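Take a look at the structure set out below.
Every number in this text was worked out from the coordinates using simple rules, so none of it is lab data. Computed from a predicted model, the values in this text were never measured in an experiment. Cβ sites come from the backbone with ideal geometry, for glycine too, and all protein chains shown count toward neighbours.
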Amino acid sequence: MIDKTQVSGTPPPLEEFLELVPLLVSPTHSVISVVKLLAQRGSPFRYALVGDPQRLVSIFTATDALQWLAQEWRGEGVTLGQIMSTPVITFAARDYRDPLTLLQFIQARESEHLPIVDERGSLLGVVSQEDLCLKLLQNRQVQPSSVQNAVDQALFNLDQLQQEILEKEL
């Protein structure tokens, strides 16, 4: 658990932690096409939101890609709809208090990425656990020991996925 007393001053605005332009795809997209799209966006492999800005249905993550790679049926025709898990967990922007509470929310749900929605449920952006931890560390708002495990796990997941993709030569 993170000690909120380690936070200094006024909490930064939620917008400081949002990725505003996530990749958004349909459940009918093939898994291979989404992996290629993500690879084109650059390193490290991130995620793709599945659905549309008003109705998210899932998130395709590095873990999903690894599970897909491990399956016998990883052909071109496999769609996100066939492998994704639902429902997607979102966080209402109006509930934001401070970055540590947000980090605890993400960690409690064992999630890597958290879509942030407005009062209508429309997508505002996504907070990545890894990015949130790194920004907190950079801003010295928490002690490194408070978030080191989360950062280490996120980096390990990304490295593992990149190795798998390189080995499979997608």
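Which net charge results when you count Lys and Arg as +1 and Asp and Glu as -1 among the other residues whose beta-carbon is under 12 Å from that of residue 113?
Within the 12 Å Cβ shell, the charges total -4.
How would you rank 94-105, 122-133, highest first, on the average number of other Cβ atoms within 10 Å across their residues?
122-133, 94-105
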With label points set 7 Å from each Cα along the Cα-to-Cβ direction at residue 90 and residue 108, the distance between them in nm comes to 1.9 nm
